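What follows is a set of notes on a single structure, which appears directly below.
What follows is calculated from the coordinates using simple rules that are stated; it is not laboratory data. Worth saying up front: this structure is predicted, and the values here are computed from it rather than measured. FYI the Cβ positions are ideal-geometry reconstructions off the backbone, even for glycines, and counts take in every protein chain you see.
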Amino acid sequence: MQKRTLGFWEIWNMSFGFLGIQMGFALQNANASRILQIFGADVHQLSWFWLIAPFMGLIVQPIIGHYSDNTWTRFGRRKPFFLIGAVLASVGMILIPQADFMIAILPALWVGAGMLMIMDASFNIAMEPFRALVADNLSDEQTTKGFSIQTALIGIGAVIGSWLPWMLANWFGVAEVSDEGTVPANLLWSFIIGAIALIGSILITIFTTKEYSPEELAQFEAAKNPDAIIEKDNLRKAKLTDIFDDFRKMPETMKQLSWVQFFSWFALFGMWVFAVPAIAQHIYGLPPEDSSSETYQQAGNWVGILFGIYNGISAIFAFLLPVIAKKLSRKKTHAYALFIGGLGLILIYFMPNENWLILPMICIGIAWASILSMPYAMLAGSISANKMGVYMGIFNFFIVMPQIINGIIGGPLVKYAYGNQAIFALVISGISFIIAGLLSFKIKDKKDIVNNA
C-alpha cells in the first residue's frame, strides 16, 4: 500500500495554515524588540526577553509531537492542535502591543514579556504538527516538494507580516509615532490583522485536508519495513516519558543535522534580536539609547521591509529547491545556501546606506528558504511515520538550544565585547551560517544513499 500522490493545490492547502503562522512570527520577529524597547527594555536586555521563544519551543514541541503522534479524534490527528494553537496565539498577538493597558497592575514590560510567552507557546502548538502533517501525507518522493511549497507559503506570510506596519502607515495613513511608552497605532493594528489571518488560514487547512488514519499509516510503514507495524490500540499505551527513549534512539542522520541546525539557528536568533538596533545604529547613525525617536521608528519599519524582502526571496527560491536538490543533492544545496546567507549577514556591515541592505537580504532569503525545507526533507526520510511528530518535536531541540545560548550570551557580548554596537552580533551570525554550511557536507542523507546504491 502506498500513499496517494497529491496535486500541487492539495499540498498548497495542506500547508496554507503556515501562511498565517508565519505572518504572526514575522510580526514578532520584526517588531518584538521594538515593542519591548518602547516598554523600557535596554538593548543589551533584548536577548534575555527573547529567551522566552526557545524555552517555549524546548518544552512544548516534543510534548505536542508526542501527543499528536498518539492521539486520534473524530477531528483528526494533527488538526486539533492546529486550531488550539492558533486561537491562543491570536490572543497573545492582540494583547502584546497593548500591554500598557495593564500598567496599573503590572509594569508594561512584564505584561509584554508575558504575552510574548503566550504567543511563542501557542505558535509552537500550531507549528509542530504542521511539519509532521507534510511527512504524514506525502510519499518520500514528494517530501522535498511538500516542504518547499510549505516554505513558499511561509515566505508569503512573512512578507505580508513584515510589511504590514509599513503599509498601514504609508498607504492608509495609520500613525507610526506615538507617545513615549505606548506602541504606535500601525503596529497595534498590524498585530490584530495578523491574528485574524492566523485563524482564517488555519481553518482553510482544517477544512480542505484529509489525514490518514493510524491504521493506514501503519500499513504504509509496513510496506517499507514489515517490523514497524503498530496497531491502533498501541497508540493509547504510549507514555510521555517515551520521549527520552526516542531521543536516545534518534537516527544518525538526525544527529548530523543537529549540528547544522545549531549553528544555523544561533545565527538566525542573533539576526532577529539585534537587526533593528544594529541597523538603527550602524546605518541610521543613532545612539544605542535611542528607542523612541521618529528616526528609530523609521529604522524599525525599514527592517520590517527588509525582513519581508528576504522572506519574499525565500518564497520564490523555494520553488527552485527541488530542482537544485535533484541535481546537486539536498545536503550540498543546503550547504551552498548557508554559505550565501552567511555572506549576506557579513555584508550588512559594509553597506553604505539603508537601500543597499536589500542585497544582503537577497542572500539571507536564499539561506532561509533552504533552512525551512532541506533539513526537514532529509529528516523525514530517516524516521518512521509512527514517530514523525515526536521526532519533529525533538528536532526542535537543536533549534531552540542555540537560541537559548545566544540569548544568554548575546546581550552581554553586545554590551561588553562590542561596545553596545549591535552590528557585530550580525557579523557573528554570518560566521555561524558559514560553519553550518561546512557541517552540511557531513550529512548522510538516506535519499543519496538509495540513489547511489
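Remark: region 416-427, residue by residue, has Karplus-estimated 3J(HN,Hα) of 9, 8, 9, x, 6, 9, 5, 4, 6, 5, 6, 5 Hz, where x stands for each Gly or Pro and the curve is 6.51 cos²θ - 1.76 cosθ + 1.60 at θ = phi - 60°.
As a length-normalised measure over Cα pairs under 8 Å and 6 or more apart, the relative contact order of the chain settles at 29 percent.
Shown is the FRET efficiency for Tyr416 and Glu10, computed with R0 = 41 Å from the Cβ-Cβ distance and rounded to the nearest 0.05: 0.20. Residue by residue, region 128-143 carries 3J(HN,Hα) couplings of 4, x, 5, 4, 5, 4, 4, 5, 4, 8, 10, 6, 4, 5, 9, 5 Hz when phi is fed to the Karplus relation 6.51 cos²θ - 1.76 cosθ + 1.60 (θ = phi - 60°); x denotes Gly or Pro. Pairs with C-alpha atoms separated by more than 25 Å, drawn from the list Lys415/Lys442; Lys331/Lys387; Lys79/Lys444; Lys79/Lys332; Lys79/Lys442, are Lys415/Lys442; Lys79/Lys444; Lys79/Lys332; Lys79/Lys442.
Scanning residues 5 or more positions from Val174 or on other chains, those with amide H under 5 Å from its amide H are Ala169, with H placed 1.01 Å from N in the peptide plane. Fewest-first ordering of Trp166, Trp189 by other beta carbons within 10 Å of each residue's beta carbon gives Trp189, Trp166. Once each of the GluC sites (Glu not before Pro) sitting in a DSSP loop with at most 13 other beta-carbon atoms within 10 Å is removed, the chain keeps 1-179 as its longest stretch. Percent of Cα pairs in the chain per distance bin of 10 Å, from zero to the largest separation: 5, 22, 33, 25, 11, 3, 0. Applied to region 376-382, the Karplus parametrisation 6.51 cos²θ - 1.76 cosθ + 1.60 on θ = phi - 60° returns per-residue 3J(HN,Hα) values of 6, 5, 5, 5, 4, x, 10 Hz, with x for Gly and Pro.
Rounded to the nearest 20, the Cβ-based charge dipole of the chain about its Cα centre (Lys and Arg +1, Asp and Glu -1) stands at 1460 debye. Look at Val427, Val400 and count the other Cβ atoms within 10 Å of each Cβ; fewest to most, that gives Val427, Val400.
Once fully extended, how much extra length lies between Tyr349 and Lys249, figured as 0.36 nm per residue of separation less the alpha-carbon to alpha-carbon distance?
Gain on extension, Tyr349 to Lys249, equals 31.7 nm.
Helical runs assigned H by DSSP (4 residues or longer) give the chain a calculated mean residue ellipticity at 222 nm of -23500 deg cm²/dmol, each run adding -39500 (n - 2.57) before division by the residue total. Considering only Ala135, Leu168, Ser264, and ranking their Cα positions along the charge dipole of the chain that arises from unit charges at the beta-carbon of Lys, Arg, Asp and Glu, the one farthest toward the positive end is Ala135. By the count of other C-beta atoms within 10 Å, a proxy for reagent exposure, Phe319, Phe269 are ordered fewest to most as Phe319, Phe269.
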